Structure formats: structure tokens, C-alpha cells
Amino acid sequence: MGRNYALRMVAIEDFAERLSAIPAERFTRENVLAFLGQNRVEVKSLAPYLYFSKEHYTRNLIQRTPMFELIAICWESGQGSAIHNHCDQRCWMAVPYGKVQVLNFKVVGRDGATGFCELAPSTHFFIEPDSPQEVDPEEPVHQVVNSASFGSRAVTLHVYSYPYETCEVYDLKAKKVETVRLGNTTEFGVVKSAMKLEKVALE
């Protein structure tokens, strides 16, 4: 799913400033995806936000505005997210370092009164430094995985619009869904989590 963009390498501070400058009426699926393709973040500039944990992937808030949140997620080799959605908020993803796979699922049955939800596997794709992607609003249930077979840590940059505090998490085997509150491991470089963390410098 690679796309051809006029590429420039930028520090995360410049990336965030340029992203903030996009007016609300142009903060669209196509424009933000193009922005991610045109502005690749220099990995060294992410140093204040690169915290890894063997317990769980980490969520590191870089910027929050009324329009969006910018979060760096750090994945040890073999880590993955739960199957989840973003509660109708848009999401774009870029990978400054490493590689991840996104697995999509379709909802084939649901009962809001009981929490029953049956999913079926759908499409999948990879995200690498030259191939930013977006969550499909028509099929928003997905899982992000840094497979052990990739042989590397990974860092993903996520742009969420608008900022949100909860998401739905799905149990594929139990056929259940629940709403969970999200938390950040670090915010603006300040640790907020009790997890055992390793601050890492990546080249």
C-alpha cells in the first residue's frame, strides 16, 4: 500500500507544528494521510517520547489540541494491541521506526444489551516508514501487531481526531465487547505509568 509523496524529513516538533497548522476544514482523511506521507519524522527527534516496556506497549502523548492528539506508541518485538475501535474518531498511522501489521475485523453480530459481539477476520496490511495508513471508517475494528518475525522494536505515530478517552475492546473468542478508558504511559515526556520502563535511543 505504498504511496508516492514528495518527502521531507522533519523533527517531531516541526511535524507537530505543521500538523497544528492544518485548518479544521482541511483536516480530512485525504489531507492528513498525504501530510503523513510528505513529512517523515526523524527518529532521533522522538527521543523524549521513546519509552519501551516488556509488560505492554506504551502510549506516549506528544501533543493534544481541540482537533487532534498525536501519540507515539512504542512496541517491543512480539507486542500487539487488543482488538479495538476508536469510537467513531478518525485515526492515521505512520511508522518512523520498524514495521507493524494491522489486522481488520468486520462485525457480523452484536447485542448492545448483553455485550455480545461476533467478529470475523477481514483485510490486513503492513505499515512501514514509506507507507502511512489510516483506519478505514467503514471497517474500524482492528488490531496492531509488531510480530516477533519482524525482528525489531517498532514506533508508530498515531493522529487521532478528535481526542478521545475511551474505546471499545473486543474479545474474539468470548464474543464480547466492552468500553475501556484509555491511559497514557507518558504525557509530554513526563512518566504517568507505574510500568517498568526503558528509555531508548533509536537511530
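The values are calculated or read from the model by the stated rules, or taken from the named source; none is laboratory data. None of the values given here were measured: they were computed from a predicted structure. Cβ atoms come from the backbone with ideal geometry, glycine included; neighbour counts cover every protein chain shown.
Residues of region 79-94 that are farther than 12 Å from residue 156 by Cβ and assigned to a strand (DSSP E or B): 83, 84, 90.
Quick grid of which residues meet (1) surrounded by 14 or more Cβ atoms within 10 Å (Cβ to Cβ); (2) part of a strand (DSSP E or B); (3) at pLDDT 95 or above:
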position: 107; (1), (2), (3): yes, yes, yes
position: 113; (1), (2), (3): no, no, no
position: 121; (1), (2), (3): no, yes, yes
position: 136; (1), (2), (3): yes, no, no
position: 144; (1), (2), (3): yes, yes, yes
position: 157; (1), (2), (3): yes, yes, yes
position: 170; (1), (2), (3): yes, yes, yes
position: 178; (1), (2), (3): no, yes, yes
position: 202; (1), (2), (3): yes, no, no
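Could you say whether any residue in region 183-197 is exposed (fewer than 13 other Cβ atoms within 10 Å of the Cβ), under 26 Å from residue 96 (Cα atoms) and basic (Lys, Arg)? The answer is yes, given that some residue of region 183-197 is exposed (fewer than 13 other Cβ atoms within 10 Å of the Cβ), under 26 Å from residue 96 (Cα atoms) and basic (Lys, Arg). Among the residues making up region 59-70, those that are in contact with a helix residue (DSSP H, G or I) (Cβ under 9 Å, 6 or more places away or on another chain) and in a strand (DSSP E or B) are 60, 61, 62, 63, 70.
Residue by residue, here is whether (1) closer than 29 Å to residue 172 by Cα; (2) buried (at least 20 other Cβ atoms within 10 Å of the Cβ) holds:
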site: 7; (1), (2): no, no
site: 28; (1), (2): no, no
site: 35; (1), (2): no, yes
site: 66; (1), (2): no, no
site: 80; (1), (2): yes, no
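Scanning region 1-39 for residues that are hydrophobic (A, V, I, L, M, F, W, C), closer than 23 Å to residue 199 by Cβ and in a helix (DSSP H, G or I) returns 12, 15, 16.
The single condition among (1) among the hydroxyl-bearing types (Ser, Thr, Tyr); (2) in contact with a Phe, Trp or Tyr (Cβ under 9 Å, 6 or more places away or on another chain); (3) in a loop (DSSP other than H, G, I, E, B) that residue 164 does not meet is (2). Taken together, 117, 91, 87 contain a single residue that is at pLDDT below 95 and touching an Asp or Glu at 6+ places or on another chain (Cβ under 8 Å), which is 87.
Residues in region 149-180 that are among the basic types (Lys, Arg), farther than 22 Å from residue 134 by Cα and in contact with a strand residue (DSSP E or B) (Cβ under 8 Å, 6 or more places away or on another chain): 175, 176. Please work out if residue 76 is under 23 Å from residue 103 (Cα atoms), among the acidic types (Asp, Glu), out of contact with any helix residue (DSSP H, G or I) (no Cβ under 9 Å at 6 or more places or on another chain) and surrounded by 15 or more Cβ atoms within 10 Å (Cβ to Cβ). Here the answer is yes, as residue 76 does meet what is asked.
Among the residues in region 40-47, are any crowded, with 17+ Cβ neighbours inside 10 Å, on the phi < 0 side of the Ramachandran plot, part of a loop (DSSP other than H, G, I, E, B) and out of contact with any Asp or Glu (no Cβ under 7 Å at 6 or more places or on another chain)? Checking region 40-47: not a single residue is crowded, with 17+ Cβ neighbours inside 10 Å, on the phi < 0 side of the Ramachandran plot, part of a loop (DSSP other than H, G, I, E, B) and out of contact with any Asp or Glu (no Cβ under 7 Å at 6 or more places or on another chain).
Being within 27 Å of residue 42 (Cα to Cα), free of Cβ contacts under 8 Å to residues at least 60 places away in the same chain and not in a strand (DSSP E or B) is a description that does not apply to residue 130.
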